[in-house]
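Nothing in this text is a laboratory measurement; each read-out follows from the coordinates by a stated rule. What you see is a predicted model, and the numbers here were worked out from it, not measured in a lab. All Cβ positions, glycine included, derive from the backbone under ideal geometry; neighbour counts span all protein chains shown.
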Amino acid sequence: GSASQSYSFGSGVDLATNTRKSADRRSNSIGINANIDLFNGFKNLNTLEQSKLGYESSQLDLQKMKDDITLNVLNDYLNVLFNKENLKIAEAQVSLSKEQVDRTSRLIESGIQAKGTLLDVEANLASDEEKLVTAQNNLDLAILSLAQLLQLPKEGFDIEDVVINISNAKMLPNSVDEIYSKSLDTRPEIKSAQIGIKNSELAIEIAKADYKPSLSMNVGLNTFYNHNQGQKDDFINPITGDLVSNGFFTQLDNNFGQSVSLSLRVPIFNGFRTNTAVKKARINNLLSENNLTSQKLNLREVIERAYTDAKSSFKLYEAAKKSFDAQKEAFRFEQEKFEEGQSTSFDF
């Protein structure tokens, strides 16, 4: 819309009577105009679709951030559990070493072991106590890291111990290809990259729209008011001789007009700007496709690495179970030999 007020001085045409008069005048004009694109190569529709895709992409980026935070929290949580188990092992080792010191002292008093043996087991106890301090410090740091990530105070913060029955857990239920195939349909970074391609394709169509003619319609409503300074708005009708009232609202009503126009624009030459814009849009489309390929490769690498690590860890776990059972029996046998004086503290 528009509105204006103007002043003129001297001789001029009185818009109210369409006659020339010598007077100072004030005039007001009011207008409303609307320009409607009837056809512009579907540029507006494609731009609207781009906005929708941009919103979807931002939501997927937000989901990716949430997933990353979840993984970080899970990693720190598992790190706390891991260090809790290490602390239990260190505490058990210290307890065992203390028992060994007491047992060795009794064996020395009985004459079964030499006095020098006590120095060896006490040295082992000191080493185990040092490892216990290190294990406790590592646990404190792990808990601190998790608390900071959750933005919680460190004081009084802890997590409940969890017992995981690995023997009953189904390890590696899927192949790499199956995991990868499902991830392509669920991972937000892949979906975001796919939307990026659609967005760049729309950008090409938007740029190419400038090759096509465009048709627009303009609709306008306008009126005006004219006043001779120092005079009334009334005037005498030259035909009837009657005095006619021609005030502000009367003039606005009498001078009210409407207009409708159609405008056709046919592009002929614009300095190759459209051609350049189309080429840039196609380059961005290639970059979007390369980005999707890169995201897929990264996802494949992450899955293969995680799958291999899990597979290796499970094999190590199975081997460790067998080793534990064998070492447990060897320890029991060596302990009996040590208590009978048939082995040294070093062997034990």
Cross-link partners among lysines for K66, C-alpha distance below 16 Å, same-chain residues fewer than 8 apart left out? K191
At 0.692 mPa s and 37 °C, Stokes diffusion of the stretch 29-166 via Kirkwood alpha-carbon radius, µm² per second: 154 µm²/s
Can you tell me the orientation of helix 188-208 relative to the chain, as the angle in degrees between its alpha-carbon axis and the longest Cα principal axis, to the nearest 10? 20 degrees
Under 29 Å Cα to Cα from K212, which lysines show up? Leave out anything in the same chain fewer than 8 places away. K43, K52, K198, K279, K280
Over the chain, what relative contact order in percent results from Cα pairs under 8 Å that are six or more residues apart? 25 percent
Using only the alpha carbons of the stretch 174-268, determine the length spanned along each of the three principal axes and report them from longest to shortest in whole angstroms. 102, 35, 22
Setting aside same-chain residues fewer than 8 positions from K84, which aspartates and glutamates have a Cα under 14 Å from its Cα? D76, D140, D158, E160, D161
Between L152 and V101, what length in nm is gained on full extension when 0.36 nm per residue of separation is reduced by their alpha carbon distance? 14.1 nm
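Using 0.36 nm per residue of separation minus the Cα-Cα distance, give me the extension gain between I108 and N75 in nm, one decimal.
Full extension of this stretch gives 7.0 nm more.
Ranking request for peptides 257-263, 307-313, 207-213: highest mean number of other beta-carbon atoms within 10 Å first, then the rest in descending order. Working shown, then result.
Values: 257-263: 9.7, 307-313: 11.9, 207-213: 16.9.
The densest-packed peptide leads the list: 207-213, 307-313, 257-263.
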For the chain, count the residues as N, evaluate 2.2 N^0.38 Å, and divide the Cα radius of gyration by that value, please. 2.17
Can you tell which of V162, V133, V176 shows the greatest fluctuation in a Gaussian network model of the chain with Cα springs below 10 Å? V162
